[in-house]
Amino acid sequence: MAERKSPAGRPDAKKKSPKLPITPVKAAIASQSTGDTNTESSGHTSSKGADSRQSSGESSRQSSRSSRGSRGSRGSRGSRTASPQPSPKLRDDQDHSERLAPRGRRVSLKVLPSEGLEGLSEEEVFLMILDLLERNDEFNSLYGDEESTYSESDDEQEVEMAESESDEDYSDEGVPDHRPLSDWELEAAWNELRNRKVPPNEVCKLIISSAIRLHEKEHNVVFVPKPEAGERIIVVGDLHGHFSDLMHILTEHGEPQAGAGGVKYIFNGDFVDRGAWGPEVLLAIYCLKIRCPNAVFLNRGNHEDQAQNLKPDNGFVHGHCTRAFGAEALRIYTLCKISFKQLPLCHVIGNEVAVIHGGLPLDPGIKLSLIQAIDRRHHVPLHHCCIWGYPRFQKVVASRDLVTDEGEQVWKGTPGKLTERVGKSQMAAVRFQSHDDEVYVRISGAPELEKDLEIVYSSKQERKKHLLNRLFVALLWSDPVASKDSVGPNKRGAGSYFDARTTQEFLRLNKLSLLLRSHEKRSKGFLEEHQSSRMGLMAATVFSASNYPTGAGEPSGNKAAVVVLRQEDGKTLASTMVSSTPWREVYDDIAYSLQAVSPEMKAKFQQAEATQQVGPRARAMAKLRELIYCARPKLMTFWQRLDDAGQGVLPVAEWPRAMRACVVSDDEFPWDWLMPIMLGFDASEEIQTFHYVAFLIQYENALSRKLADQLHSSAVMLMADNVSSKEEAEAAWNLIDRNRDGKLSYQELRPLL
């Protein structure tokens, strides 16, 4: 067995860390770092996928860890299959990337070819970039805190204890003991909510408690009868706190009422988060459910979960609830959290149309009876599916011979364990028994589909438990894809990408004809996803929040829609489905600051907002500038360690590699296409190098410059303290310049700072 060399044993590791003279500019960039060098090297960051490695069993693993090197140094290294060894030059490039890539943000050597964007206009490319940035934000939001909770230890028992404690934290608190909501209180609350006013907090508690009691009686799968003659069923997609869209729907289609000539509603999840009016939207929908329990139905979405509500970017708990409920925000949110756990997961209309929020898992044979078996009354089990559908330390066996890039053979049948997800690459690291190296293998998302590994369970009960966890997550997180080549784990970090074959099998097994889902923004609010020559339309997406989020994605914001189902003689229910006329409501978060403004002035503000045209390029560039600004310390570290000469200049190929390592690690993100725009040169020019310090200077601000001057001056004063001669000055310098090269690196200057 080939022994893997430690990083210290590599030829290039013997070199001193390349350093540049400290300047106020560099000090300013360094001063923005939220953690020290040790934290950065171990990868404990606020981004998703952060996976710091500390454990109580450190001493027992010290020898193997020293031979493997830092966990945070792994890049795109490892074996997918038994493949030819990379060239020495490529290996050197990989080594650089691996040492510098932060944890969870590994460098991918895959470069999106410029040919992949041929035929697209600049606006279309920037629209694609906006969608990728939105997906990146969701991925980071999904795994920012969770991995720091479950992955700071290499010890399997410690991780299991952490997961058990998390389950207890999210366990069902029980239905609160509140008196019933009176009819007059309900009507008064509804009238207030229609005018976008929050009822008194005590009434809000009664509304939520009543909704809890209604939903706790319902099963995971709720069967809704076919609409009667003249009756309609409206399926509403994501609302995400967009109150104006909810009012548009009720005005256009009428308030719920069962029976002939009436209308029923199925609200398909994601009532809150992102949009500012989440509390009002949630309370309004709960009021409708209480007023007409047989004409209003609610599905749970992926944002009806505490893990999402607590994210600062989503804003529901600490922003929207605080604004709506004041000092009682957390107490009332606790009731909201309990109510989310009671929501059903699926509705079946007339034994023909299944309505779920997200999609399907890749496991074969999914029946409605299996959905009924899920224990839904707790948090969404994301951490039990954190490695592309599997829990951390899932037992596996190699299904074929594998070879690491160090040449170490892993034979078929060798047992091992999954240890972590590799960025967004649908790869996972596996630690095999009696091997120091971790091998990277591609994960397919279901035990029956895995090619490199066999998933091992200790019992049928364990297998079913894990299947139900994957199913629970998939129902709320999965997305449909058109091509079978795209099938696999979802790059959101949860759920899967499922194709028409998966949809067709689900419909066939359950004798259904159509799958309606939401979860994804569509430019016109509705899109047909999967079709077949025999069954016709099989799956469609409906999204009911316009201008989401804040108009990102389209030049004037996306439109919203709902789906209308009705009964017609001689036709199946699915064949009567039509999408409503798409609409776009003005995004009205600005109404926070306009509540005391006259209606005339408010109308002028909203008219100005409606006519404001901000193109996709401007929105994308603004978001990219924000991300690069936040990543400056990582980028400086990345480039400085590659700059052996200390000149501040590097080959231009290092720019996109650094962006993938430190800013957005998605392989599909077109950093190479963006490079001429971001560096300010013509794409037809043959540029060989770029000045990375000058590039980062563009992203400083006045505060960082002032802090840099202060830090620089303070450091000089500390060095010059009690210095009265040339000899004392040299001695003071040598205390800081530990390697005696006449330059100060940030690592040497940091103790003074």
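The amide H of Gln531, built 1.01 Å from its N in the peptide plane, has Met538 as neighbours under 5 Å, considering only residues 5 or more places off or on other chains.
Which residues does the label zone of Gln461 cover in the stretch 378-395, counting backbone N under 14 Å from a point 7 Å along Cα→Cβ? Flagged as within label range: none. Ordered by 1.4 Å accessible area with all protein chains kept, Lys205, Lys743 run largest first as Lys743, Lys205. Percent of C-alpha pairs per 10 Å bin in the stretch 418-457, short distances first: 30, 56, 14. Along the stretch 650-657 the Karplus relation, 6.51 cos²θ - 1.76 cosθ + 1.60 evaluated at θ = phi - 60°, assigns HN-Hα couplings of 9, x, 5, 5, 6, 5, x, 5 Hz to successive residues, with x for each Gly and Pro.
Accessible surface for Ser210 stands near 20 Å², nearest 10, in the context of the full protein assembly shown (1.4 Å probe). Residues Met678, Met535 ordered from highest to lowest accessible area at a 1.4 Å probe: Met535, Met678.
Here's how it looks for Thr689: its modeled amide H is under 5 Å from those of Val652, which are all 5 or more places away or on a different chain.
Cross-link pairs exceeding 18 Å in C-alpha to C-alpha distance, out of Lys511/Lys571; Lys289/Lys521; Lys205/Lys289; Lys226/Lys571; Lys367/Lys451, comprise Lys289/Lys521; Lys367/Lys451. Rounded to the nearest angstrom and listed largest first, the equivalent-ellipsoid semi-axes of the stretch 379-535 from its Cα gyration tensor are 32, 16, 15. If a spin label sat at a point 7 angstrom from the Cα of Gln372 along the line to its beta carbon, the backbone N atoms of the stretch 329-351 nearer than 16 Å would be those of 344-351. Debye-formula intensities of the stretch 322-470, expressed as log10 I(q)/I(0) at q = 0.13, 0.18, 0.19 Å⁻¹, are -0.73, -1.06, -1.13 (one equal scatterer per alpha-carbon, no solvent). Label separation (Ala729 vs Asp667): 5.6 nm, computed from points 7 Å beyond Cα along the C-beta direction. Taking label positions 7 Å along the Cα-Cβ direction at both Gln647 and Ala618, the computed distance is 4.0 nm, reported to one decimal.
Sum up the charges of everything whose Cβ sits under 10 Å from the Cβ of Ile349, counting Lys and Arg as +1 and Asp and Glu as -1, but leave Ile349 out. Summing Lys and Arg as +1 and Asp and Glu as -1 gives +1. Charge tally around Leu360: other residues with Cβ under 15 Å, Lys/Arg +1 each, Asp/Glu -1 each, net 0.
The values are calculated or read from the model by the stated rules, or taken from the named source; none is laboratory data. Every value quoted in this text rests on a predicted model; they were computed, and no experiment measured them. Please note: Cβ atoms are built from the backbone with ideal geometry, for glycine as well, and neighbour counts cover all protein chains shown. We work out accessible area using only protein heavy atoms, side chains counted, and drop any ligands, DNA or RNA first. Shrake-Rupley method; radii C 1.70, N 1.55, O 1.52, S 1.80 Å.
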